[in-house]
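Student: Handing you a structure now.
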Amino acid sequence: MSAILIAVAAFLCLSVAALGTMHIYPKLPARHRDEDTNTVVRLVANIFVVMASLVFGLMINSAKNTFESIDDNVHSFAINLILLDRTLRTYGLAGNDARQYLIAYVEGAIADPERVNDALHETRNAGQQRLDTIGNSLAAIQPADRLHETMLAEARQQYNRIVEQRWTIVEQSEGAIPMAVIGMLIAWMTLIFASFGYRAPPNAVVITMFLVSALFIAGSVFIVLDMDIPFTGAIKISDAPLHRALAEMKV
């Protein structure tokens, strides 16, 4: 389920819980509206306020760590692309085919939003096939002397690091926050908003505050979930490192 749908669901749950409780409260029997009942409702709500705060804080930290980790890996990935290009450039004419395949791979990664995250299986295969072409080209090179043999070995090591980093980013990009945790958090927040609506005066100011609060909380949930999958949505990993790598290759 996309982050925007979850955020909309959260907004509806919180709004309906608060406004529904506020609407139902006057119709409850007198024994359900006494001060002792109100005290118990507030105490239970306070427990879930603390628990929801802790869980939401952990979600924010997890999304932040995922985003920063992938961003660091993309920068490192771009650096290794540049290093491989420079090694092939130094190698000479025999490395030109591999260089052209490398440039084509980076161009394809930039042109396609999949870049290194490869959201679909078919796209994963396409990205890996472009990398395999580079590997096959490196494997076909026959070094003329010890110097070229050393450079070729270095180029193959760099290529292997690029493949490893690419798949590391692919695996990291699927999100780390379980849906069960998201569902539980929304359920807790719904209970909290229901307690807010209990004995709340039914006027325009209170209703507006409930709606605005629900909107901001839903927006916060959206931001956290969007950051957790950093190659899609509104908050994305920048492809500037790949653009810089491509510009360096074409110099």
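The values are calculated or read from the model by the stated rules, or taken from the named source; none is laboratory data. All of these numbers come straight from a predicted model, not from anything done at the bench. Cβ placement follows ideal geometry from the backbone for every residue including glycine, while neighbour counts extend to all protein chains displayed. The protein model used for the area step is the full one, side chains on, heavy atoms only, and it has no ligands, DNA or RNA in it. Shrake-Rupley method; radii C 1.70, N 1.55, O 1.52, S 1.80 Å.
Student: When N is the residue count of segment 122-175, what does its C-alpha Rg come to as a fraction of 2.2 N^0.38 Å?
Tutor: Normalised by 2.2 N^0.38 Å, the Cα Rg of segment 122-175 equals 1.38.
Student: With all pairs of different alpha carbon atoms counted, what Kirkwood hydrodynamic radius in Å does segment 64-206 show? All intermediate terms of the calculation are to be shown ahead of the outcome.
Tutor: Numbers: mean 1/r = 0.0546 Å⁻¹.
About 18.3 Å, per the Kirkwood formula over Cα pairs.
Student: Further question: Rounded to a whole number, what % of the accessible area of segment 171-251 do carbon and sulfur atoms account for, probe 1.4 Å? Intermediate values should be presented prior to the final figure.
Tutor: Details: 2980 of 4060 Å².
Here it works out to 73 percent.
Student: Provide the three semi-axes, in whole Å and in decreasing order, of the ellipsoid equivalent to segment 162-238 as defined by the square roots of 5 times the Cα gyration tensor eigenvalues.
Tutor: One finds semi-axes of 38, 14, 5 Å for segment 162-238.
Student: Could you give the accessible area per residue of the chain, probe 1.4 Å, as a whole number in Å²?
Tutor: Value for the chain: 53 Å² per residue.
Student: When the expected Rg is taken as 2.2 N^0.38 Å, what fraction or multiple of it is the alpha-carbon Rg of segment 37-103?
Tutor: Against the empirical 2.2 N^0.38 Å value, I get 2.39 for segment 37-103.
Student: In whole Å, what are the extents of the chain along the principal axes defined by its C-alpha atoms, from largest to smallest?
Tutor: 95, 27, 27
Student: Pick out which of 39, 232, 90 has the largest mean-square fluctuation in a Gaussian network model of the chain, springs linking Cα atoms closer than 10 Å.
Tutor: In the Gaussian network model the winner is 39.
Student: Now, a different point. How far, in degrees from 0 to 90, does helix 121-140 lean away from the longest principal axis of the Cα atoms of the chain, to the nearest 10?
Tutor: So the inclination is approximately 20 degrees.
Student: Now, a different point. Give the distance, in whole Å, between the Cα centre of segment 119-192 and the Cα centre of segment 1-34.
Tutor: With segment 119-192 and segment 1-34 each reduced to a Cα centre, they are spaced 44 Å.
Student: Now for a different question. Choose one of 54, 14, 249: the residue whose Cα lies farthest towards the positive end of the charge dipole of the chain (beta-carbon charges +1 Lys, Arg; -1 Asp, Glu; about the Cα centre).
Tutor: Farthest towards the positive end: 14.
Student: Of the accessible area of segment 58-99, with the probe set at 1.4 angstrom, what percent is carbon plus sulfur?
Tutor: On the way: 1120 of 1980 Å².
Result for segment 58-99: 56 percent of the exposed heavy-atom area is carbon or sulfur.
Student: Right, something else. Check cross-link reach from residue 236 to the lysines: straight Cα distance under 30 Å, and skip same-chain residues fewer than eight apart.
Tutor: Of all the lysines, those that pass the test against residue 236 - Cα under 30 Å, at least 8 places apart if same chain - are 64, 250.
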